[in-house]
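The values are calculated or read from the model by the stated rules, or taken from the named source; none is laboratory data. Remember, predicted model here, so these are calculated numbers, not experimental data. Heads up, the Cβs are rebuilt from the backbone with ideal geometry, glycines too, and the neighbour counts pull from every protein chain shown. Just the protein is used for accessible areas: all its heavy atoms, side chains included, with ligands, DNA and RNA removed. Shrake-Rupley method; radii C 1.70, N 1.55, O 1.52, S 1.80 Å.
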Amino acid sequence: MLLPDPLDAEEPSALEPTAGATDVRRRVAVRMLAMWARSVQRDAHSYYQAATKAAWTDRAIDHGEEWSPTEDHLARAIEDVWVRGYQLVMSTFQMEHWLLVHQKITGGNEQPDDRLRRLRNTIEHLDEASFTDLVARKGPLDPKNKKKKWSVDELPGKELFLGFDAGYTEAAFGLVNLRDVTTRARLYAELDAPREPSFDDYVPYSYDPEDD
């Protein structure tokens, strides 16, 4: 089951937070954090496969051999990179979000990743941007909202590259480092797994330190 059972609606605790309600919220936060961490691991691997294929396709075209792929093959490969990159951004964003929720319950001092938030917002509102053949930049001035803030304006160069560039096999959109996010996800991917007893947990019933 994905989430724990809701509290009994007939009990007073359904109206006022109690220790039980806090425990349920903690379990939900743990499950969501671990679930998105696992998704980050899968999405990072999927992205790397697509980016590696795109890089190979680009190099192969330069050889100009009979076996070489075409520009159409490269366009489709880059499209796959873009989609998988977006999936990685979203799963990473959700992991970071649930980490903050978890910390509010358990304590912690992790800070939100502002660069990730800006990238996520930029892609989410890409339809409002202005475009060249290669990049997306902030859209035209809205007379009704002259103080509108653009996340794309806070990205490096104040733009989002729409193609595939050197280094993209290591970082989605050149910004989300695959090694960094997978290392971080590994910390939380098994957070909801039952803790297996270890040798360190075993204390003999009759143990007496004075016998040593």
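Entry comment: accessible area of the stretch 25-181 is 61 Å² per residue, from protein heavy atoms only and a probe of 1.4 Å. Here the stretch 84-164 is assigned +1 on the Cβ of each Lys and Arg and -1 on the Cβ of each Asp and Glu. Its dipole about the Cα centre then comes out at about 280 debye.
Solvent-accessible surface (1.4 Å probe) assigned to residue 48 amounts to roughly 100 Å².
Loop-located GluC sites (Glu not before Pro) in the stretch 88-178 (DSSP state not H, G, I, E or B) with no more than 15 neighbouring Cβ atoms inside 10 Å: 110, 170. So, R0 is 41 Å and r is the distance between the beta-carbons of residue 24 and residue 166; what FRET efficiency does that work out to, to 0.05? The calculated FRET efficiency here is 0.30. Each 5 Å bin, from zero up to the one with the longest distance, holds this percent of the alpha carbon pairs of the stretch 45-188: 2, 9, 16, 18, 17, 14, 11, 7, 4, 2, 1, 0, 0. Measuring r between the beta carbons of residue 149 and residue 111 and using R0 = 22 Å, the FRET efficiency lands at 0.65. With all protein chains in place and a 1.4 Å probe, the accessible surface of the stretch 55-143 carries 49 percent carbon and sulfur.
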